[in-house]
Structures are given as C-alpha cells and as structure tokens.
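Following: one structure in structure tokens, then a few remarks.
Derivation of every value follows stated rules applied to the coordinates shown; laboratory data play no part. Here the structure is a predicted model, which means the values were calculated and not measured. All Cβ positions, even for glycine, are placed from backbone atoms using ideal geometry, and neighbour counts span all protein chains on display.
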Amino acid sequence: MVETGACVECLRRSWLLAALGPYVERVATGEVGLRSPELLRLSNEELVEATAPKVAEQLLARIAALSEERLNEELLLADCWACCCHGDLYPVALRDAPDAPWALIGRGSPSLLDGLQPYGAVTIVGARRATSYGREIARELGRELARAGLVVVSGMAFGIDGCAHRGALDGGRTIAVLGCGPDVAYPSSHRALWRQICDSGLVLSELPPGATPWKWTFPARNRIMAALAGMTIVVEAATRSGSLITMDLAADLGRDLGAVPGPVTSRASAGPNALLASGAQVVRDAQDVLDAMLGPGNRRIEQQRTPALGTDLQAVLAAIEAGESTCDAVAIVTGLSASSTAAALAKLELLGYLTCSTLGTYSRTLVPSTGKASL
Amino acid sequence: MPKILFLRVTRESKPPSVPTVLATARTFTLDGISARPVRVEVDVHRGLPNFTIVGLPDAAVREARERVRAALVNCGFEFPLRRIVVNLAPASLRKAGPGMDLAIAAALLSASEQLQWEGLANAALVGELALDGSTRPVHGALAMAEVARESGAETIVLPAENGPEAALVEGIDVVPVEALGQLLGLADGDWSSPRPEPLPLLPSVSPGAPDLADLRGQPHLRHALEVAAAGGHSLMMVGPPGAGKSLAASRLPSILPPLAPSEALEVARIASACGRLGTGLPGGRPFRAPHHTISAAGLVGGGQAIRAGEVTHAHRGVLFLDELCEFRRDALEALRAPLESGEVAIARVGGQRSLPCRFMLVAAANPCPCGRGEADPDCSCSPYEVQRYQGKLSGALADRIDVLAAVRQPSAADIGGPPGESSAAVRERVCAARERQEHRLGAGRCNAEMTPAEARGCALSEGAALLLADLYARQRLSGRAHDRALRLAQTLTDLAGLSEIGDEQMAQALQMRRRDRG
C-alpha cells in the first residue's frame, strides 16, 4: 500500500481555493496576467488579496481555523485521499512547474502516482464536440497507449476526453483530472465513466471533496494535465478551444506536443492541423507517440497476430479502405451478394478491422486488434 | 280547451298503472372501432308537444330529432304532437353518430301505433335518415352486425349500401332497406329483400401496384427489406434524402404474405369503422405513412369519442415513419407500449378501450440534420448538431427497431441498370419463411414476436454460438440485444431453409441488427 497524506498547510490551500471559487470567477478573465493558472502561482495571502479583498481577513481566518483532523475526516468521508508537494507520492512531473498545485486530492488507486515519471504518462485532449473520426482515434490511442504501459491522462469531458478514458480503461491505467472535487462526477452524464475510473484508475483534483466546478477551474486543471505527462496530444479541436490552452501550457513547460492530422476541410481538425504546421509531432497511431516519447524503436506496439483473411473478407476490407461506407456500395464494388457482404462485414467488425456507427455505416479502425483465428 | 285547464287535468290525473315505455328498438353506437348495443326507448304521452333525446347523446344524435320528424312526415306518417321522450340505454354510455335515426324512427312509429311489427323486438336497426325518409350508410356496419348476432338479434335492418359488409357475418338475417317506408312492408310480411352478396376478397396485389423491381442497385436494402418482411422485424433506414428510403418502404406491403381471411376481416372491421371500406375486403396489407407533424393521439388513437389512430389503421400492415427524428417526442414515446403489446389501451372515464395494432414498423431518417451525412464535405452541420440528431435516433423508439439499413445514394449506373427482382419472386421466399415460422411457433406468429425463452431455444450451430458469444463479451450486449440478434438470425435461417442457425446467418444477423449507442 502506498503512503498517502498531506501536510495541513497544503490541504488548507485546497480548501481555500474552493472557498475562493466565486471570487476568482469574477477576477479571472482569461487575459494575460489574469488567467487562472497565473493567479494560482500567488501565495495564499496574495491570492485572497487579489480576488476577494473585502472578505480577505475573514476567509484567511476561517481557513486557518481548519484543523488537520477535520480536513482528514472530510477526505475520509468522501472516500478520498491527498498528497502534497512535500510528500513522496507527489508526482515528480509537477514539482518543476511554477504554478503546481500544493496538494492533490485523489479518489481511486494512489499507486498510479507512485513513481510516475513524465515519460510514463501521456495526456490526450480534444474537443467536446468531436466527430466520429476523432472519437474513434481517441479511443484507439487511449487503448493502445494504455496497453503499451503508459498512464493515459485526460479530463473526463464529453467527446475526445471521455473516449480516451474509455479506450484506456479497456487497455490499462488512466487518470482523470477534474475541475471540481474528485468525488463530484462532472459532467453528470459521465457518472458511470467516473465510477469506472474511480474503481480501476484514478481521479485527481486540486480542489477538496464536494467542490463545484467554475469556469476558471478548467484552465486550472488543464495545467495539471499538461504538467503530469511527458507528451500532450490533441485529437480534435477548433481554432479557439480549451484544448489548445492545454497545449500552450504543455509547450510552456517544455513538454512534447502531438497532434492528430485531420482533413483540412474539417473545422474540428483545424486546431491540430495548425499545431502540426507549427511543428507539433504528427500522431497517426500509438506507435508515433511511443517513438516521440521514448525514442524511435525503443518500445514497439505488439502487433497482434492477425489471422489470414479469406478472399471475401479481403475484398470487402479493400472496398472499405477505398472509401466505401455502406453495405450496398461494398456489395456492388466487390460483386458479392448482399448476404455474403453482410456476413463479411460482421466478421471484419468482430475482428476489429472495422467499426460500425449507430447509422450503420462502416469505417476502418486505426489498428487491427485481436480476433479469433477461427473466422 | 284552454291550456291552463289542460295542465291542471294532467296534474290531477292518477299515475298510470301501465308502464309508460311504449316502444323499444335495438341499435348500436360506435365506440372506437367496436360497436356497443344501445336500446332505444320511446315514451309518448300527453303533454306539451315536445321531442327530447336523453342518454348522453352527442350533437349528431340530438339532431336526429329534426331528421326523424322530417322523414316521418315526408314518408306519409304522422308525427305525434305529444310529449315524446327518447331514452338511449345504457344511459352511462356516450352515444355518437347519426346511425341511430332508423331505430328511433321505428320505435316512434311503433309507440304511436303506426307500425305493428312483432319482429321489432328481435331486430336491430341501424341507419341514418335523409329528410325524405331514405336511408344513408353508416360507419362500422360490419362490427354492428357481429355484435347484433352476439346479442341475440335475429335480423339486422340497415341501409342498402351497408348490406354487403354486414352479409360477411353469418348467422343473422341481413335486411337492406332503402327507405323508412319499407319497414311497413317488412312488418306486414308483404315485402322482403334477398340477402345481399357478401363483400368479395380483393386480390392482394392489384395490377399496377408499386413493385420492388423499381428498387435498383441497392442489394443490401433489398435484402434488409426481405429479411424484415420474412420475420416481421421492424426496420430503420438511414441515408441521404432521395436515396430511395420512401420508395423501399412503400414496396414493403407488396412482398408481405397476403392477408389470411381472418386477418382480412380484422382489417375490414377497422376500415369499416372509419368509413374506409371500399368495394371489397382488403386482400393486401395496409400501408400507412403519417406526416411527422402528427400528434400522439393521432398516432395511437384517442379523443373524447375514441378514434382509432394510425397504428390501428396499420393493423396487420406497415406503419412507415418517414423523417423519424422530426416526429414529436411524445408521439414516438406513445408508440412504445403498443409496439410491444400489439394493442393500444386507451383509458377513459367510462372504462378502458383497447384497439388492435399489430403492425410492422418501418422508419427512415437522414444521417444528420442537413441530410448529407458527416462524411460528405458539403455537410454543414456542426458535430454537436449531428450528435444531438443521432441521439434522437438512438433514443426513444430505437429500442424497438430490429434491423438497421444504411442507404446510400444510388449511382447513375445503378439507376440506369436492369430492374431488380420482382415483388412476386421475393414474396414467394418470404411466404416460405413465414410458413416455417408458423410451423415452429404456431399460427399467425412470426420470429419478431418470439419470447426471450423461445429466442434462446433456437437451434444454433457451434460456429454461430461462438460468434454470438464473442460479440456478447466484446461489446457488452444487453440481454435484449442478444435476443434480437438471435431472432434475426432465425429469420435468416428460415429464409435459407436451414434447420439450425449457421455461422453465416449469425454473422449476417450481427451485421443487420440495430446498433446500440456508442
């Protein structure tokens, strides 16, 4: 069992941030100098003075009155634990960041943080409004990178974040960094995902249990996500997107940046395409990420032994790769009957070569995954 | 005699010792699509001339006063200038429609001793009266004749136009009349009419009807239609506008097996109650395609006087919902229970009514609000809009959809190509597959109606079981989705004429099944 625990000063800082929620909301405008990560560099007194001068004394007195027992009890009640920058569990990656959180409140397995090096984790970010292409790539990257032994860090938001977590849960370890208390499932429709991550991964936050999210807490948690991992990958993002803030923060820390290329006509891929143009690492699959982080060829994605495909399956797969997406079109291109095409598509889907949307259209997956050789 | 004196005399007179109800007659009112027996009681006694109808009549029944009065006078009868009270029993049942005119007139004639007809007690009378005394057809004569027989009437007298449909009911004398005056001849026994010829069963496919051959170059869509028809599975088609979704749906009735005589009678009963019955019993299956602005009550039925909804009109046929995502949410929600149970239950103050609605659901939708689909570079929808739109597809009703077919725009070569297989050829295979199902499940049942226990009892080959288990483990299928795949695979097996589900059929079923969200 890993030793958890934080010193009382660091814990009080977390509770102070939660108490300052509405005050910081008013001050943090997103302009240079007034961004929440920049505000969070300030000491307790400076921060309170800058955001809530009228109630500064009361607030500080109230926070100072919080006893260590009381704070630990609140953590225990919420089934959470904490670590702080003075403890061993605190990730090395965060220590060198100037605006690093004092304490981290976690829910789930603390062992994920134990000995976590920057190059043992990768952050996947992207738009909430993602296309099916983006979601598929995020899921695949999450799964393959987690299988390769990396910890996949993301923000549990809709779209790309959620897909990256789901993929990673399928393959290995994942950390969700939240902009609210770690015991608060936000967004609430991701409650099931949150529970899964609590059970088999880790949910982290710098805010205490029960803290509600504010606009400013999201850029603030983005700085933790950017700092935790050696590389940050954006899958899909429009030109003005919160995901690009994370990329900026990661660049400031000197972390590697990766971007998944998309069609130049797609608005959802405008962000990553622009980053690629300015020199970000091209991410086509998990192997690209491993090569960039660990040096080319240092770790290989194990290619699953793919079973030999029959001629029908090969023809159908080729038709999909050539851009057809419906069963009708595939049947016409390959010249197979409708029933054999349907059977072939189902088998290819089971083998992991294809995915089928809720609309019944097929697309090629990123990497061929496992399949039964009996097919 | 001065009026005031007349009144005083009435007041002073003793209550009569004889019953005041002087005449009764049997008739029916239409409640939804079923007929309910009504007894018309007419009381004619001294008093200020007046004509009242009581017993929860609607406006059309109340207006019978004027029609009956004019018809009586114009047929040469005398309209009694007395206090006339017509009671429609049971008094708690709402009476609707003009079909009670004939019975009211007959009872009134009998009460005023202008008609002496001993058979009146054993006869049921139905019909609307014109002012000149001729009869006009009513809705629901078929159901009325059936209820008349069940309630023990020997004869049903009804307008000549309704004769053929009433003649479908055996065990009751059907007497079509053209005018009120013919009742006299009927009473005296010096006039009778031959039993009308019952309605003929129309052929299931009329020449020139839409044929599946029109669907060109879409092998998968054709296959999906065939499978859906063979197993009675509900079908959803998703594709861009103009890809042939509506065309395909309208061809579906032509490949369904023809109606069995008992089913044709059910369909005819509904059509008759709604006044849609033409010159013959429908042999082909109904096809209903309501517009997407339809209300929940319009779809499943409702209203104070209960009216059958589109689902009931589509009984034993096809209900096609084009632009599924544009339908009102409450309307789609209202469809769920009827789809499951095969009948619509409508609760009203007077009790619960149920209307039959065993239909095949066919839905069509565009892939995104603009219709082009995400893959099309011209698609102007934002990913969020697309997500919301597709959320509608996977929510609400989608749970009840078995087969999903992605439809693509046919190419110019496809459209110019040779016509597809004709409906007749496909229908032959569908009928053969249905026969196997009836042999296994019992008459009138199809694979889509298999209970979970029956679905899990299907014979599976080893390969098919392996495929299903593989998918089940991989995609965390729900039990419902698991059974749905089995039902589909069984239909494919029936179409192929095999005795157990092979892995080829299972793979096809897994491809055709509706996908869950995610």
Among rounded, prolate and oblate, which fits region B:411-473 when a ≥ b ≥ c are the square roots of the eigenvalues of its C-alpha gyration tensor, a/c under 1.5 means rounded, and a/b larger than b/c means prolate? oblate
I need the per residue convex hull volume for chain A, using only the alpha carbons, in cubic angstrom as a whole number. 142
Given a Förster distance of 45 angstrom, what is the FRET efficiency for B:Gln352 paired with A:Glu9, based on the Cβ-Cβ distance and rounded to 0.05? 0.05
Report the percentage of all Cα-Cα pairs in region B:450-518 whose separation exceeds 17 Å, rounded to a whole percent. 33
Quote the FRET efficiency, to the nearest 0.05, computed for B:Arg276 versus B:Ala496 with a Förster distance R0 of 51 Å and r equal to the Cβ-Cβ distance. 0.85
In whole angstrom, the spacing between the Cα centers of region B:274-322 and region A:134-191 equals 48
Please work out whether region B:212-428 counts as rounded, prolate or oblate from its C-alpha gyration tensor, where a ≥ b ≥ c are the square roots of the eigenvalues and a/c under 1.5 means rounded, while otherwise a/b larger than b/c means prolate and anything else oblate? oblate
Out of all Cα-Cα pairs in region B:60-205, roughly what percent, to the nearest whole number, are more than 24 Å apart? 29
State the antiparallel share, in %, of DSSP beta bridges confined to chain B, rounding to the nearest 5. 45
From the C-alpha gyration tensor of chain B, pull out the three semi-axes of the equivalent ellipsoid (sqrt of 5λ each), sorted largest to smallest, in whole Å. 57, 24, 21
Segment B:Glu170-B:Ala469, extension gain: residue separation times 0.36 nm, minus the distance between their alpha carbons: 102.2 nm
Within region A:324-341, whose backbone N sits under 11 Å from a point 7 Å along Cα→Cβ of B:Glu421? A:338-339
May I ask for the Kirkwood hydrodynamic radius of region A:171-229, worked out over all distinct Cα pairs and given in angstroms to one decimal? 11.6
Given Cβ point charges of +1 (Lys, Arg) and -1 (Asp, Glu) and nothing else, what value in debye, to the nearest 20, does the dipole of region B:388-512 about its Cα centre take? 600
Where a ≥ b ≥ c are root eigenvalues of the Cα gyration tensor, a/c under 1.5 meaning rounded, otherwise prolate if a/b exceeds b/c and oblate otherwise, region A:228-309 counts as oblate
For A:His190, A:His86, what's the fewest-to-most ordering of other Cβ within 10 Å of each Cβ? A:His86, A:His190
Roughly how tilted is helix B:101-111, in degrees to the nearest 10 and between 0 and 90, from the longest Cα axis of chain B? 20
Taking Cα atoms only, Rg over Rh for region B:31-139 with Rh from the Kirkwood formula is 0.93
Dividing the Cα convex hull volume of the protein assembly as shown by residue count, how many Å³ per residue is that? 247
A:Ser67 to B:Ile294: FRET efficiency via 1/(1 + (r/R0)^6), r the Cβ-Cβ distance, R0 45 Å, to the nearest 0.05? 0.10
Value of relative contact order over chain A, rounded to a whole percent, pairs C-alpha under 8 Å and six or more apart: 14
Taking chain B and dividing mean pair separation by its residue count, relative contact order in percent (alpha carbons under 8 Å, at least six apart): 13
Could you let me know the centre-to-centre spacing of region B:154-179 and region B:211-235, using Cα atoms, in angstrom? 42
Isotropic mean projected area of the C-alpha convex hull, region A:97-167 (nm²): 5.5
Among A:Lys54, A:Lys347, which comes first, then next, by fewest other beta-carbon atoms within 10 Å? A:Lys54, A:Lys347
At the level of C-alpha centres, the distance separating region A:1-56 and region B:450-518, in angstrom, is 57
Please give the helix B:462-475 orientation as an angle from the longest Cα principal axis of chain B, in degrees from 0 to 90, rounded to the nearest 10. 90
Under unit Cβ charges (Lys, Arg +1; Asp, Glu -1), what dipole magnitude, rounded to 20 debye, does region B:178-225 have relative to its Cα centre? 480
Can you check what the Kirkwood hydrodynamic radius comes to for region B:368-518, Cα pairs only, in Å to one decimal? 17.8
Mean Kyte hydropathy of 0.0 or more with a Cα span along the axis of at least 18 Å, helices from DSSP in chain A: A:338-351
Degrees separating the helix B:64-74 axis from the principal Cα axis of chain B, which is the longest one: 50
Using alpha-carbon coordinates alone, the radius of gyration and Dmax of region A:16-168 in Å work out to 18.4, 52
DSSP beta bridges in region B:16-188 [antiparallel fraction, %, rounded to 5]: 55
Determine one quarter of the surface area of the Cα convex hull of region A:311-364, which equals its mean projected area, and express it in nm² to one decimal. 3.1
Relative contact order of region A:33-173: what whole-number percent is it, with Cα pairs under 8 angstrom and at least 6 residues apart? 17
Per the rule of 0.36 nm per residue minus the C-alpha distance, extending A:Glu31 to A:Val264 adds in nm 80.9 nm
Nearby aspartates and glutamates by direct alpha-carbon distance to B:Lys245 (threshold 17 angstrom, same-chain neighbours under 8 apart not counted): A:Asp328, B:Asp211, B:Asp214, B:Glu226, B:Asp322, B:Glu323, B:Glu326, B:Asp402, B:Asp414
